[in-house]
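FYI, it's all coordinate maths here, none of it is from the lab. These figures come from a predicted structure and were not determined experimentally. Note: ideal-geometry Cβ built from the backbone for every residue, glycine included; neighbour counts use all protein chains shown.
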């Protein structure tokens, strides 16, 4: 079974969480409401990957990591024979003007057709509605855990359900 390293970005501004919807060819039933996330490339640090992925998916300049929140696993079966090892980060935006709602395209590595997203800000208290376990460590934004460096030994959120398991860093 594959165990790809993934990153998840909780971009927060003025008490709101940056979320997006897929615009083309993917129904809400399939993709749901998401936050920026993606794969850590070979040789890339998770801290760099999360900023890269968030910038690619949102088009926002001035993204920076505030803190590492922890790691959690997400079992992708039956969709894929993989367990994603997800590193969660709190990011902020250092830009003078940030739109309330906008459309953007992710071009990734230039392969295939660009993926279009509609981005907007959701009150943090509504973040529990995120798809595919992306809200797993959202509560860490409120608990004051500093997180430290990746691999600091932080535990996930303790949920031992059949879709998500916490792991030591």
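Sorted by packing (mean other beta-carbon atoms within 10 Å per residue), highest first, where do 16-22, 118-124 land?
Values: 16-22: 20.6, 118-124: 15.7.
Descending mean neighbour count gives 16-22, 118-124.
What list do you get for 88, 117 if you sort them by fewest beta carbons within 10 Å?
Details: 88 30, 117 23.
Going from sparsest to densest Cβ surroundings: 117, 88.
Is the C-alpha gyration tensor of the range 5-143 telling us rounded, prolate or oblate? Criteria: a/c under 1.5 is rounded; beyond that, a/b larger than b/c is prolate, otherwise oblate. Intermediate results must be reported in sequence, preceding the final value.
Values: a/c = 1.21, a/b = 1.08, b/c = 1.13.
Since a/c stays below 1.5, the shape of the range 5-143 is classed as rounded.
Would you mind ranking 135, 31 by Cβ crowding within 10 Å, fewest neighbours first? Kindly include the intermediate steps, with their values, before the conclusion.
Numbers: 135 20, 31 15.
Ranked by crowding around the Cβ, least crowded first: 31, 135.
Quick one: length gained pulling residue 116 to residue 13 fully straight, 0.36 nm per residue minus the C-alpha distance?
Numbers: separation 103, 0.36 × 103 = 37.08 nm, distance 2.23 nm.
Full extension from residue 116 to residue 13 adds 34.9 nm.
Testing the spin-label approximation: label points 7 Å from Cα along Cα→Cβ at residue 94 and residue 107. State their distance in nm.
2.5
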